[in-house]
1. Starting from segment 100-129, keep only residues that are assigned by TED's automatic domain parsing to the domain that holds T167 and closer than 20 Å to P193 by Cα, then list their pairs with residues that are among the aromatic types (F, W, Y) and modelled with pLDDT under 95 whose Cβ atoms are within a distance under 9 Å, requiring at least 6 positions of separation or different chains.
2. Take the conditions closer than 19 Å to N93 by Cα and in contact (Cβ under 8 Å) with a residue 24 or more places away in the chain and apply them to E223. Does it pass?
3. Could you figure out which of (1) of a type in the set (G, A, S); (2) under 20 Å from L92 (Cβ atoms); (3) out of contact with any helix residue (DSSP H, G or I) (no Cβ under 8 Å at 6 or more places or on another chain) isn't true of G302?
4. Within segment 369-420, can you find the residues that are among the charged types (D, E, K, R) and either modelled with pLDDT of 90 or more or within 30 Å of W86 (Cα to Cα) (or both)?
5. For segment 328-357: of the residues being part of a loop (DSSP other than H, G, I, E, B) and of a type outside the set (K, R), which is surrounded by the most Cβ atoms within 10 Å (Cβ to Cβ)?
6. Can you report the number of residues in segment 19-64 which are on the phi > 0 side of the Ramachandran plot and polar (S, T, N, Q)?
7. Kindly check whether there is at least one residue in segment 13-27 that is within 17 Å of F186 (Cα to Cα) and touching a Gly at 6+ places or on another chain (Cβ under 7 Å).
Amino acid sequence: MSDTKIKSIKEYVLDSTSFFGEYGGSFIPEVIKPNLDELTETFMACIKDESFERELRTELKQISGRPTAFTPLPNLTEKIGGAQLWFKNEGLNHTGAHKINHCIGQALVAKRLGKKRIIAETGAGQHGLATATVCARYQMDCVIYMGRKDYNRQRPNVFWMELLGATVIPVDDGSQTLSDAVIAAFKDLISNPEDTHYLLGSAVGPHPYPLMNTYFQKIIGEEVREQTKEQFDRLPDCLVACVGGGSNALGLFFDFLDDRGVEMIGVEAGGRSTQAGDHAAKLLQGEKGIFEGYYSYFLQDGDGNISDTHSVSAGLDYCGVSPILAYLKDTGRVKFEVADDKQALTALEELSKAEGFIPALESAHAFAYAFKYARELSKDKLIVINSSGRGEKDLFITMEHFQKEGLTKFLKSQLNGDGS
C-alpha cells in the first residue's frame, strides 16, 4: 500500500485495526486471544475518554516529570560546522529513559482491566525499571524476564528493579537476549491469562501493542513540535532516533508524519560487522516474516529461523522491528541507516566531553549518525536527535571500553574486600 493514497499517515496509523500496510497482525495462541481482544477494546475506549487522557497527562507530569528538556549542542555544532544540533532529553524522565511513557499508559489501562499482576521483558533494563516503578506506584505484582546476557551486563538496573519489589527472572534459552525474554513473557501470559497484563516494552508484538505504545510515546514529538516552534518559529528539518523495536523512534516521528518537509532517519545497530549474528539491522538486512505474534522484518538465517543478533547496546539487540516502522520504510516516509559499535562509543565520548551529557548506548547510535549527517547540511538546517535515555545503566560496558584497567582493579578490590 502506498502512503501517497493516504491523506493523513497519522490518521491511517491510529485507525488501524491490526495492520499497517502488509505489516502487523495478531498471530497468537487461541488461549490468549481473549486477553488481547479485551486489551484492544479497553485501550481504544480509553483514548476516546477525556478523563483517561487527563489522568494520563497528569501522571506523565507528576511521576515522570514531563515535559522533558529540548537542549542545544552548541560546542559540537561549531566543531562539526554544519547543521544546528539539538536533542530531546528523554533521559530526564523518571527512571532515566522514554520507557516510562508507555509504562504509565499501559499500567492505567491495566488498572481499568482490573489486572493485579504485571509481567514484562527487558533488554537494557530501562523498560524493566520503568515497569517495576509503575507497579510499585500502583501496587501491582511485577515479574520481569531478562535474557541472561542482558541480566549480567545490566546489573545496575537488575538491582534497582529488585529493590522496587520486582522479581527478575534471567532467561537461559536461545541467545539469552531480548527476543528470548519476550518469548518467556508470552509463555507466562499463556499460563496466567486471567489475572495478568503483559506490559510489552516496545512498538512490536501482536495488535494492539504496536499502536498502543506508539500512542503513549507520541508525546515526545508533540513536545518537540511545540519546543522548536517556540525556539525557532518553525519545524525541524530532520529528526534522528535509534531503532531497536521502535518505541522511541515512533515517539519522536509520529507527530511529524504528515509534515513532508521534515526528514526522518532511524538508526539501527550495525554491531561488529555486516555478518549474520554480528549486528541488529533488521530493516536494512532483515527479511519479512512472522515472529512473536506479528508480521514485520526480522533477522533470519537461510532456513528462515531467527538469527542471533549483536549490539554493544542491549536495547537495540533485538531480532525484529515495529510493523509501523516497516510500513514507513516501504512507503519511503522514514529513511534508515546504521551506526556500528565503534561509532556509537565514539559519539558517546564526543558528546560527553564536548557538551557534558552521557547518553545511553542506544541513543549514542542516533548521535553518531546525526554528527556525520550534520556535516552534509548547511548551517541554517536544524537536526533534532531523540536521546532516548541516559548512560548510567551502561556503566560496566563503557568502563570496559574506556577504562578497562580501572574496571579490572575495581572489581578485584571488591572481590578481595579490601576497598583498595
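The values are calculated or read from the model by the stated rules, or taken from the named source; none is laboratory data. Quick caveat: nothing in here was measured; it's all calculated off a predicted structure. Positions of Cβ are generated from backbone atoms using ideal geometry, with glycine treated the same way; all protein chains shown enter the neighbour counts.
1. E121/F186
2. Here the answer is yes, as E223 does meet what is asked.
3. (2)
4. K372, R375, E376, K379, D380, K381, R390, E392, K393, D394, E400
5. V334
6. Going through segment 19-64 one residue at a time, the tally reaches 0.
7. The answer is yes; a qualifying residue exists.
Each row is one residue, and each column tells you yes or no for (1) closer than 23 Å to L113 by Cα; (2) more than 17 Å from the chain's Cα centre (by Cα); (3) in a strand (DSSP E or B).
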site	(1), (2), (3)
M146	no, no, yes
D150	no, no, no
E162	no, yes, no
A181	no, no, no
H207	yes, yes, no
Y215	yes, no, no
